[in-house]
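Enquirer: Sharing a structure with you now.
The values are calculated or read from the model by the stated rules, or taken from the named source; none is laboratory data. Model, not experiment: these values are computed from the prediction. Counting neighbours? That spans all protein chains shown, and the Cβs are built from the backbone with ideal geometry, glycine included.
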Ligand code: GDP
C-alpha cells in the first residue's frame, strides 16, 4: 500500500537528510517535491495545497533538535501533518450498534467490494464483539450477488436472510428488520445493490431503503485504487444518501493511496475500515498513525526524532544541574529560567506544576512576585552586557543606574533582582547536592 508515495518522499528526504542546516529554500524545495508526490498519488489539489501550507508553517522557524538532521525533523512534521489529515477531528469512533437490532447499510458502486466487505464486517462483529449478526442482500437485479452473499454467510457461520424471488429492495429491508427483531439479532447488515456508476435510480433506491431501515450506520464501500474517483463517489453518496463512514477496499495492492488522504479532508467522514485482501478476515480498523507511517515508510525516523528531543532535554538538564550545584548560576541562567517560567504560564502556572509548591506560590504572591515582576526582571537582565550577565557581582553603582534606566525601572528593582539571584544561586547549590536539581530542571523543560 502507498508504495509509490513512500518511495518518492523517501528520495526527497534522503537528499535533505545529508544536508547540515535547513534554509527556507531547502524547505521550499523539499515541499515542492512532497507536493508533486502527493498530486501523483492522486491527492486532490486543494487538499495538497492545504497540507503543504500547514507543513511549511510548522517547519519554518522550528528549533532544530540536536542529534537529528533537519531533514529528519521535516519528516516528523510531514508525518504529524499526515496523521492530522487522515484523522480529521479525532480517531474514527466505534460503530454505533447498541440498541439491537442495529441496522447497518452498506452502499457503494458495483465491484467496489461491498458484498465482500459486508461478509468481513459480519465476521468481525461476530468474532470480536460477540454479536449475533444477520446478513441480507438487497441486490434484486443480480441474483448472482444474492447467491454470493449466501455462500459467504455459510463460510463464516453468519445467518443470511433467505432469498424470496420477486421482492423489491424495500420489501427485503422490511423483512430483514422483522427477522432481526424476532430472531434476537444484535446487528443486521443490508448489502444494497450497486451500479457501475452513479445514477439516479440507484440513489433513489438506496434512499428509499434508508428511509425504511433507518440505519444506525451507513458505510460507503469504495475501491481505494480509484483515487480521486473514490472521493467523488463519496461526495455524491454523502449528498444523496448521507453516509456515516467509509471503508476503503483493495488497500493491499500497491495503489497510489491518495484516496485515503483526500477522503477525510474532502468528505469530513471518517474512514472506518480498510480492506486488505479477498479473504473474509482481511478487514482492519483504520488507524491514521499506522497509515501515515506506511505512507512515509519512515516510522523509525519519527521515533528517532522524538527520542532525540527527549535525550537533548535530559542532557541539557544534566549540564545545567552540574553547573548550578557548583554555584555557577549567572544572570543568563536566571533569564533562561524566567523565560521558561513565562512560557509555562507564569508564576501560578509553574507552581501548579511542581508538586508541593502550592504554599510557595501563595508566599510568592504575597511577596509581590507576580508575572509583571517576571517581565521586569527579564527586561533588567536584557539591558545588561554579556559580561555583566556572566558575573553580576561586578556591577558598580553607575552601571546599575544605567541598567535600571535602560529597562525603564528603579535601581531598587535591580537590587531586588540581584538579591534574588544570589538567593537562587545559593538554593541551587544546596539542591544540587541532593540531586533534586536535575529533576526540577527537567520538569521545567
Ligand atoms: P461488490 O460488487 O461491490 O459487491 O464487490 P465484491 O464484494 O463482489 O468484490 C469484487 C471483487 O473485489 C471480488 O473479487 C473481491 O474478492 C475483491 N475484493 C474486495 N475487497 C477486496 C480487498 O480489500 N482487497 C482485494 N485484493 N480484493 C478485494
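Enquirer: Select from segment 220-237 the residues that are surrounded by fewer than 23 Cβ atoms within 10 Å (Cβ to Cβ) and more than 11 Å from the ligand (Cβ to nearest atom) and list them in ascending order.
Expert: 226, 227, 228, 229, 232, 235, 236
Enquirer: OK, next. Can you tell me which residues in segment 125-149 are more than 13 Å from the ligand (Cβ to nearest atom) and either in contact with a strand residue (DSSP E or B) (Cβ under 6 Å, 6 or more places away or on another chain) or farther than 22 Å from residue 203 by Cα (or both)?
Expert: If the condition is that a residue be more than 13 Å from the ligand (Cβ to nearest atom) and either in contact with a strand residue (DSSP E or B) (Cβ under 6 Å, 6 or more places away or on another chain) or farther than 22 Å from residue 203 by Cα (or both), then 125, 126, 127, 128, 129, 130, 131, 132, 133, 134, 136 are the ones that fit.
Enquirer: From 44, 28, 23, 11, which residue is modelled with pLDDT of 65 or more and in contact with a helix residue (DSSP H, G or I) (Cβ under 6 Å, 6 or more places away or on another chain)?
Expert: That would be 44, the only listed residue that is modelled with pLDDT of 65 or more and in contact with a helix residue (DSSP H, G or I) (Cβ under 6 Å, 6 or more places away or on another chain).
Table: residues versus (1) touching a helix residue (DSSP H, G or I) at 6+ places or on another chain (Cβ under 6 Å); (2) surrounded by 18 or more Cβ atoms within 10 Å (Cβ to Cβ); (3) part of a loop (DSSP other than H, G, I, E, B); (4) assigned by TED's automatic domain parsing to the domain that holds residue 278.
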| residue | (1), (2), (3), (4) |
| --- | --- |
| 164 | no, no, yes, yes |
| 170 | yes, no, no, yes |
| 177 | no, yes, no, yes |
| 197 | no, no, yes, yes |
| 239 | no, no, no, yes |
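Enquirer: Would you confirm whether any residue within segment 155-163 is within 13 Å of the ligand (Cβ to nearest atom) and modelled with pLDDT of 95 or more?
Expert: Yes.
Enquirer: Can I ask one more? Return the only residue of 184, 119, 111 being assigned to a loop (DSSP other than H, G, I, E, B), modelled with pLDDT of 95 or more and in the same structural domain as residue 208 (by TED's automatic domain parsing).
Expert: 184
Enquirer: If you take the residues in segment 256-279 that are in a loop (DSSP other than H, G, I, E, B) and more than 10 Å from the ligand (Cβ to nearest atom), which one is modelled with the lowest pLDDT?
Expert: 256
Enquirer: Moving on to the next point. Exactly one of these conditions fails for residue 92: (1) closer than 17 Å to residue 283 by Cα; (2) at pLDDT 95 or above. Give me its number.
Expert: (2)
Enquirer: Follow-up. Provide a single number: the residues in segment 391-428 that are in contact with a helix residue (DSSP H, G or I) (Cβ under 7 Å, 6 or more places away or on another chain) and in contact (Cβ under 8 Å) with a residue 24 or more places away in the chain.
Expert: 11
Enquirer: Within segment 113-131, which residues are surrounded by fewer than 20 Cβ atoms within 10 Å (Cβ to Cβ) and more than 17 Å from residue 98 (Cβ to Cβ)?
Expert: Answer for segment 113-131, where residues must be surrounded by fewer than 20 Cβ atoms within 10 Å (Cβ to Cβ) and more than 17 Å from residue 98 (Cβ to Cβ): just 127.
Enquirer: Of the conditions (1) in a loop (DSSP other than H, G, I, E, B); (2) within 16 Å of the ligand (Cβ to nearest atom); (3) at pLDDT below 90, residue 243 fails just one. Which one is it?
Expert: (3)
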